Amino acid sequence: LVLNAYQMDDIEAGIPDEGGSSEKPDPEEPDNPDCDRDDHIIHDAEDINNIRLHPHCNYVLANDIDLSEAYPSWEPIGELEEKYSLSRGTYYEPTENVFTGDLDGNGFRLTGLHVEPGTLKGCLGLFSYSAGTIRNLTVEGATVVACNDSGILVGRNAGTILNCTVNGKVSDGDPTKAIKEVGGITGWNEKTGTISRCVSFAEVS
């Protein structure tokens, strides 16, 4: 979904489209009754954060968003299950609450993303794990202090990343450990993952 300026004005004014509702979709609705039909409009950092409450829904940005003030240390979106084995050590597997929806950046920019290891010691990025679609989004000036499977957009991607641009820094979070699968857009792209028409200007070290 790509909206022109007139359509965005209609959204802001609450003007319904043909057959639509005059109510503006809201990501923090506890029940989200129209999750399968309506795109939820993202206006600010809190709306971005609330994607984690409904990770199977569709979202579209209405403007540029800066995360730095509201979320100086970002927690990646998507719940993972921590596991351990002698051969692999600690690793993470996706739960049913990872992102499977559609995030349309609508040509806008996301700035102020800063991610570092917290309770989650792997799969770092704006999203921890995505089996959905992320498109038409630019992430500028991001910093990711990496663990295994870390990138600016997604730690591990099993979905679609389309027409996105990232820049910033992805650096080694622990120089005493071997950090694996690190990149600008995503740290690890699974067999089901596709990345097309994307550019990374990230400095990865």
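Can you tell me the FRET efficiency between Asp44 and His114 if r is taken as the Cβ-Cβ distance and R0 is 25 Å, rounded to the nearest 0.05? Provide the component values of the computation, followed by the final result.
Details: r = 17 Å, r/R0 = 0.68.
Efficiency computed from Cβ-Cβ geometry: 0.90.
Compute the distance in nm between two label points, each set 7 Å from the Cα along the Cα-to-Cβ direction, one at Asn163 and one at Tyr84.
My value for the distance between the label points is 4.6 nm.
Could you work out the relative contact order of segment 109-205, using alpha carbon pairs under 8 angstrom and six or more residues apart, expressed as a whole percent?
Values: 298 pairs, mean separation 28.0, N = 97.
It rounds to 29 percent for segment 109-205.
Hey, if we sort Glu75, Glu81 by accessible area with the 1.4 Å probe, largest down, what's the order?
On the way: Glu75 120, Glu81 90 Å².
Ranked list, largest accessible area first: Glu75, Glu81.
Give, to the nearest whole percent, the P(r) tail of segment 112-205 beyond 24 angstrom, counting all Cα pairs.
Working: 442 of 4371 pairs.
Taking all Cα-Cα pairs of segment 112-205, the fraction more than 24 Å apart is 10 percent.
How much length would be gained if the chain were fully extended between Lys180 and Phe201, taking 0.36 nm per residue of separation minus their Cα-Cα distance, in nm to one decimal? Each step should come with its number before you reach the end.
Working: separation 21, 0.36 × 21 = 7.56 nm, distance 1.98 nm.
Between Lys180 and Phe201, full extension yields an extra 5.6 nm.
For Lys121, put the label point 7 Å out on the Cα→Cβ axis and report which residues of segment 83-103 keep their amide N under 16 Å from it.
From segment 83-103, the list is 83-93.
Quick one: accessible surface of Trp188, probe radius 1.4 Å, all protein chains present, in square angstrom to the nearest 10.
Here the accessible area works out near 120 Å².
The values are calculated or read from the model by the stated rules, or taken from the named source; none is laboratory data. The structure presented is a predicted model; accordingly, all values stated were derived computationally and were not measured. Cβ: placed from backbone, ideal geometry, glycine included. Neighbour counts: every protein chain shown. The accessibility values were calculated without ligands, DNA or RNA, using every heavy atom of the protein model including side chains. Shrake-Rupley method; radii C 1.70, N 1.55, O 1.52, S 1.80 Å.
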